[in-house]
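J.: My questions all concern the structure below.
The values are calculated or read from the model by the stated rules, or taken from the named source; none is laboratory data. The model shown is predicted, which means the values in this text are computed figures rather than measured ones. Counting neighbours? That spans all protein chains shown, and the Cβs are built from the backbone with ideal geometry, glycine included. Areas reflect the complete protein model, heavy atoms only, side chains present, ligands, DNA and RNA absent. Shrake-Rupley method; radii C 1.70, N 1.55, O 1.52, S 1.80 Å.
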Amino acid sequence: MKRFVSVIMLRPKAVLPLLLLLLFPLNASAQAFDGEDDNKVSVGYINAGGCSGVTLGYDRGMNDYLSLGCYLSMVEKGGKHDDSGGLERCDLYFAGNYHFQELLKLPSPLDIYTGVSVGLRAVGVQGGVRYNFGEVVGIYAEARQNLLNTLKGSGDSANYYYKDFCFSVGFTFTF
């Protein structure tokens, strides 16, 4: 696992095309968002303000339209933040999402969502899409724009997430 994380951290451009290959349609039958009984764990690549890293999350459906989740993101040093320490590169955040699968009558393996996130580093809005290949495994892509700073002063450049656009892709596992 440690080697997998280091490959993602050091060679994100090699991992991204592999993840994009998974976007081709396959025979799918499971729902991407299952409402109240939906429990998902996600793991993936994140790019926060030009810095690559990994993200890990848990999302639980509250009803047919809403879910709440907790996520941890860690990025490598780089970009405009070369002088920062390790803690500035991590963000723990909570997200509430509204799922459009039921409203838009989307095919069951596909889900589009949008929501708000509140974290230790930033507050922002996000939107994404999920696609399930079967009962357990799926993929996701998510974009998040951080709008407000939470722990640092607004002029502090050591916060990797403040006012930065974040994009992540990865796998979801339903339990």
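J.: Considering only segment 142-151, I want to know if a residue exists there that is among the hydrophobic types (A, V, I, L, M, F, W, C), more than 20 Å from VAL75 (Cα to Cα), surrounded by fewer than 20 Cβ atoms within 10 Å (Cβ to Cβ) and at pLDDT 90 or above.
T.: Within segment 142-151 (the criterion being among the hydrophobic types (A, V, I, L, M, F, W, C), more than 20 Å from VAL75 (Cα to Cα), surrounded by fewer than 20 Cβ atoms within 10 Å (Cβ to Cβ) and at pLDDT 90 or above), the answer is no, since none of the residues qualifies.
J.: Any residue in segment 110-123 that is of a type in the set (Val, Ile, Thr) and at pLDDT 95 or above sitting within a Cβ distance under 7 Å of a residue that is open to solvent by 20 Å² or more (accessible area, probe 1.4 Å) and assigned to a strand (DSSP E or B)? List the pairs, counting only those 6 or more apart or interchain.
T.: Once the first residue is of a type in the set (Val, Ile, Thr) and at pLDDT 95 or above and sits in segment 110-123, its partners that are open to solvent by 20 Å² or more (accessible area, probe 1.4 Å) and assigned to a strand (DSSP E or B) give ILE112/VAL129; THR114/TYR98; THR114/GLY127; VAL116/GLY96; VAL116/VAL125.
J.: Can I ask one more? For HIS99, all conditions in the list (1) free of Cβ contacts under 8 Å to residues at least 40 places away in the same chain; (2) within 18 Å of VAL41 (Cβ to Cβ) hold save one; what is the number of the exception?
T.: If we test HIS99 against (1) free of Cβ contacts under 8 Å to residues at least 40 places away in the same chain; (2) within 18 Å of VAL41 (Cβ to Cβ), just (1) comes out false.
J.: From the list LEU110, LEU120, which one is open to solvent by 60 Å² or more (accessible area, probe 1.4 Å) and either among the aromatic types (Phe, Trp, Tyr) or farther than 15 Å from PHE167 by Cα (or both)?
T.: Checking each option against the conditions leaves just LEU120.
J.: Looking for something aliphatic (A, V, I, L, M), modelled with pLDDT of 90 or more and buried (at least 16 other Cβ atoms within 10 Å of the Cβ) - is there at least one such residue anywhere in segment 27-41?
T.: no
J.: Are any of the residues in segment 114-122 under 21 Å from VAL43 (Cβ atoms), more than 16 Å from the chain's Cα centre (by Cα) and of a type outside the set (Val, Ile, Thr)?
T.: Among the residues of segment 114-122, not one is under 21 Å from VAL43 (Cβ atoms), more than 16 Å from the chain's Cα centre (by Cα) and of a type outside the set (Val, Ile, Thr), which makes the answer no.
J.: Could you please give the count of residues in segment 124-141 that are assigned to a strand (DSSP E or B) and either among the β-branched types (Val, Ile, Thr) or open to solvent by 40 Å² or more (accessible area, probe 1.4 Å) (or both)?
T.: 5
J.: Something else about it: Working only within segment 52-76, note down all residues that are more than 15 Å from THR172 (Cβ to Cβ) and either at pLDDT below 85 or among the basic types (Lys, Arg) (or both).
T.: Scanning segment 52-76 gives a single hit, GLU76.
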